[in-house]
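Worksheet: one structure, shown below.
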Amino acid sequence: MACEEWRGELDPYLDGELAPAESAPLGAHLRRCPVCAADALERVQLKRSLQRAGMRYEPSAELRSKITKMVAARSTSGIVRQWRLVLVPALVVLVAAFLLNAYLGRERSARQRVYSELADLHVATLASATPVDVVSTDRHTVKPWFQGKIPFTFNLPELTGSEFSLMGGRVAYFEQVSGAQLIYQIRKHEISVFIFPERAETSGLPSGAANSESFNTETWTQNGLRYFVIGDASPADIQALTRLLQNAT
Amino acid sequence: MRVSEDRLRAASFEDLALPLFDQLYNFARWLTQDKAEAEDLVQETYAKALRGFSSFQAGTNFRAWMYRILRNSFLNSRTGLKTTVVLDEEDGGGLLVESATPESLLIEHANREMVQQALQGLPVSFREILLLCEVEEMSYQEIAETLAIPTGTVMSRLFRARKALRGVLRERIEGGRHGV
């Protein structure tokens, strides 16, 4: 098709009035033909400047109140007014709920992502032929092993008198940052404890227990470190391990 | 039962019509070029629309209906009667094609005031269709309903209106350059 024929379509194209079947080939032509593209650009500029120039006059406050009263006089009476008393607050609540939901949804999805990633790490570790790099039940062996491998130190709890046992540890990576992963066991349930430096992705997470993809989880911050406990053990066991870790010295 | 139905109708009229107020006023002012006349026109429009709302058919375009009332009121007003809106009537086809000349990009230099003056100088039929399309962002179908013309005519009139506006702007920019 010659440029002249495309040009006739330019205005409807820019006005969004062409069907996709027609606008796609024109769009393709515009990407190839600098002359038509320049023409299109000029038309867009004209549209834009008209849009800006066209919104020129503002009504006076008096006219606004006159019109509002005129219209309202016919409508807000009797049953409608009663309905409004109910409907308006109901709408406000609905809108607020919607906004809150959207906000929470975003928060939730960020949180969900963190937990999903950690759950994946946990599962992948247990499925691995060598789940841990340092195999030891002794915290005094495990803790020094991490030295020089991760950029922080941490304390592990004394497990004597509890049902937990330490299986070992490995270096884990969470969003390109290295941290410690410790595997604990209680009654044949494995639990991963992740320790990472606190940062933007995790700092918004509220502390506390949660349930994620059939795992029970717990998270908190301590001395600038973010702890995650995740496993298929009962919430009570997760809590118990959490308390042990929080009180570790 | 009828009464409450009427009242509910009135309530929905308020919800539909009041959000259009600012835009309708702007449009009225562009048509009349006079504050007092524009105010009268908007009041008349709302009064007529309120009375006629029962005849407004659900499912048709309310905004186009309101603009049509305003425009018809304008055409029947003092200023409107003096304005010749119906020009040589166009058919849908046969759009002339302009080629882009280098100076066409001059429009980039047109400032807001210049565009406003150019728009103000255009015949009402060009001014109104440009406003409906660019400022009100109406679809061709809505414009057709508002102006009570076929969509083919919307296209050809828009084309000519834009061409006229470009012409005026080009003249002004060139004129400005040569110190006129």
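The values are calculated or read from the model by the stated rules, or taken from the named source; none is laboratory data. Please read these numbers as outputs of a predicted model, since none were measured by experiment. Positions of Cβ are backbone-derived with ideal geometry, glycine not excepted, and every protein chain shown enters the neighbour counts.
Return the only residue of B:119, B:130, B:96 being within 11 Å of chain A (Cβ to nearest Cβ), under 22 Å from residue A:13 (Cβ atoms) and either out of contact with any Lys or Arg (no Cβ under 9 Å at 6 or more places or on another chain) or modelled with pLDDT of 90 or more (or both). Lay out the reasoning, then the answer.
Details: B:119 fails: under 22 Å from residue A:13 (Cβ atoms); B:96 fails: either out of contact with any Lys or Arg (no Cβ under 9 Å at 6 or more places or on another chain) or modelled with pLDDT of 90 or more (or both).
Being within 11 Å of chain A (Cβ to nearest Cβ), under 22 Å from residue A:13 (Cβ atoms) and either out of contact with any Lys or Arg (no Cβ under 9 Å at 6 or more places or on another chain) or modelled with pLDDT of 90 or more (or both) holds for just one of B:119, B:130, B:96, which is B:130.
Condition check ((1) under 21 Å from residue A:232 (Cα atoms); (2) out of contact with any Pro (no Cβ under 9 Å at 6 or more places or on another chain); (3) not aromatic (Phe, Trp, Tyr)) across all residues:
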site: A:115; (1), (2), (3): yes, yes, no
site: A:118; (1), (2), (3): yes, yes, yes
site: A:130; (1), (2), (3): yes, yes, yes
site: A:140; (1), (2), (3): no, yes, yes
site: A:144; (1), (2), (3): no, yes, yes
site: A:155; (1), (2), (3): no, yes, yes
site: A:163; (1), (2), (3): yes, yes, yes
site: A:170; (1), (2), (3): yes, no, yes
site: A:176; (1), (2), (3): no, yes, yes
State all residues of segment A:18-36 that are surrounded by 13 or more Cβ atoms within 10 Å (Cβ to Cβ) and either more than 9 Å from every other protein chain (Cβ to nearest Cβ) or closer than 13 Å to residue B:25 by Cβ (or both); if no residue qualifies, say none. A:18, A:22, A:23, A:25, A:26, A:27, A:29, A:30, A:33
If we ask which residues in segment B:164-173 are modelled with pLDDT of 90 or more and within 11 Å of another protein chain (Cβ to nearest Cβ), their number turns out to be 1
In segment A:54-65, residues that are within 40 Å of the chain's Cα centre (by Cα) and assigned to a helix (DSSP H, G or I) total 0
